[in-house]
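The values are calculated or read from the model by the stated rules, or taken from the named source; none is laboratory data. Computed from a predicted structure; not experimentally measured. Backbone-built Cβ (ideal geometry, glycine too); neighbour counts: all protein chains shown.
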Amino acid sequence: MNLLATVVKSIWWHSGEDVRPEPQLRLPTGDVELVVNLSADRFWLPGGDEGREYYPGAVLAGPYQRAYVLRPERRSQVVGVVLRPGAARSLVGASLHELRNRHVGLDELWGADASLLRERLLAAPGPVARLRTLEHVLHDRVARSGRTPHRLAVRATACLSATPGRHGIGDLAEHLGWTARRVEQVFRSEVGLPPKVYQRLRRFRVALGKLGGQTPDWSAFALEHGYSDQAHLVREFRAHSGLTPVAYVRRQGEQLNHVPLAW
């Protein structure tokens with residue numbers, strides 16, 4: 001695995017025009033994302049006294065454990081980078097706990113390099129060249145940081161992702177050969193969420209992926225995906241999305257993480 005691949009989980013690109021852009025509910029993943037708006041040097045995102053706040057055109061979305069509302073622009077051209085759990089600090093620099101459930105302007109973390117990144121992406125001739133430019137910038141950033149992904153964090157998140165909701169944190173700590181307190185400390189700084197919250201999110205994400213717009217036998221579905229019963233499933237869906245499982249299936253859009261709010 002090359003250097004960048006140890007830190008970057010995926011890179012995505014969105015380009016489109018919507019005559020009537022509608023608000024969307026962005027569901028939490030627990031991942032950290034770097035997002036650059038190439039259509040305008042701004043984002044309107046959750047925060048502020050009125051529920052929305054202005055951010056510069058390059059932002060870092062910290063690990064969210066709850067949903068938030070996105071209001072897309074009429075015309076949008078956006079590129080994003082999803083960072084690997086336990087490895088994001090190599091690129092971010094700051095403790096990820098400071099970014100929990102919030103967005104920050106990339107300039108707060110990278111200084112002038114944030115604006116330079118956006119300028120270089122805009123100067124590149126087309127989507128393919130822009131993605132290659134982005135990869136080069138990220139690779140150089142990781143190389144210069146001198147940090148490597150935290151081995152315990154990477155192992156721990158992999159374990160929780162492999163068996164979401166099936167094992168306690170004490171069992172995880174024993175498996176890794178660490179104390180539960182040490183696991184908590186590492187998750188706080190390297191993942192940004194407590195291990196129990198991260199585990200709950202992974203279980204929620206697996207359940208979302210299995211729904212596929214279908215209405216299953218909810219009691220059986222709950223037990224199959226690590227919930228104690230249907231009521232437990234409903235509570236967890238509400239906690240992470242603000243919706244019941246039935247409401248999610250009814251509203252589910254084309255993208256797993258985006259739920260249209262307008263009917």
message: Given the criterion at pLDDT 95 or above and not assigned by TED's automatic domain parsing to the domain that holds ARG202, identify the matching residue among VAL19, VAL78, VAL104, VAL82.
response: VAL82
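PRO28 - would you say it is modelled with pLDDT of 90 or more, within 20 Å of GLY253 (Cα to Cα) and not assigned by TED's automatic domain parsing to the domain that holds ARG188? Before the answer, list the steps.
Numbers: modelled with pLDDT of 90 or more: yes; within 20 Å of GLY253 (Cα to Cα): yes; not assigned by TED's automatic domain parsing to the domain that holds ARG188: yes.
Considered against the rule, which asks whether it is modelled with pLDDT of 90 or more, within 20 Å of GLY253 (Cα to Cα) and not assigned by TED's automatic domain parsing to the domain that holds ARG188, PRO28 comes out as yes.
Somewhere in region 177-187, is a residue within 22 Å of the chain's Cα centre (by Cα) and either farther than 30 Å from SER228 by Cβ or acidic (Asp, Glu) (or both)? It would help to see each step written out before you state the result.
Going through region 177-187, the residues within 22 Å of the chain's Cα centre (by Cα) turn out to be 183-187.
Next, only the ones that are either farther than 30 Å from SER228 by Cβ or acidic (Asp, Glu) (or both) stay: 184.
Scanning region 177-187 turns up at least one residue that is within 22 Å of the chain's Cα centre (by Cα) and either farther than 30 Å from SER228 by Cβ or acidic (Asp, Glu) (or both).
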task: Please go through region 211-227 and pick out each residue that is of a type outside the set (A, V, I, L, M, F, W, C) and either within 15 Å of THR163 (Cα to Cα) or in contact (Cβ under 8 Å) with a residue 60 or more places away in the chain (or both).
output: GLU224, HIS225, GLY226, TYR227
field: Complete set of residues in region 222-239 that are closer than 17 Å to GLN65 by Cα and surrounded by 17 or more Cβ atoms within 10 Å (Cβ to Cβ)
entry: LEU233, VAL234, GLU236, PHE237
query: assigned by TED's automatic domain parsing to the domain that holds ARG84 and either surrounded by 13 or more Cβ atoms within 10 Å (Cβ to Cβ) or of a type in the set (A, V, I, L, M, F, W, C) (or both): does that describe LEU134?
result: yes
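Quick one: would you say HIS240 is assigned to a helix (DSSP H, G or I) and either more than 18 Å from the chain's Cα centre (by Cα) or over 30 Å from PRO72 (Cβ atoms) (or both)? Outline the logic, then answer.
Working: assigned to a helix (DSSP H, G or I): yes; either more than 18 Å from the chain's Cα centre (by Cα) or over 30 Å from PRO72 (Cβ atoms) (or both): no.
Against the criterion (assigned to a helix (DSSP H, G or I) and either more than 18 Å from the chain's Cα centre (by Cα) or over 30 Å from PRO72 (Cβ atoms) (or both)), HIS240 does not qualify.
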- request: Could you look through region 138-175, keep only residues that are farther than 23 Å from THR29 by Cβ and either hydrophobic (A, V, I, L, M, F, W, C) or surrounded by 15 or more Cβ atoms within 10 Å (Cβ to Cβ) (or both), and pick out the one that is modelled with the highest pLDDT?
  value: HIS139
task: Quick one: LEU138 ticks every box in (1) in a helix (DSSP H, G or I); (2) under 20 Å from ARG100 (Cβ atoms) except a single one, so which number is it?
output: (2)
query: Are there any strands (runs of 3 or more DSSP E) wholly within region 43-122 with 2 or more residues that are surrounded by fewer than 19 Cβ atoms within 10 Å (Cβ to Cβ) and touching an Asp or Glu at 6+ places or on another chain (Cβ under 6 Å), and if so which?
result: 75-83
statement: Residue hits (region 171-204; part of a helix (DSSP H, G or I), farther than 13 Å from SER161 by Cβ and among the hydroxyl-bearing types (Ser, Thr, Tyr)) are SER189
field: Of residues in region 140-163 being under 18 Å from the mean Cα position of the chain (by Cα) and of a type in the set (S, T, N, Q), the one farthest from PHE204 (Cα to Cα)
entry: THR157
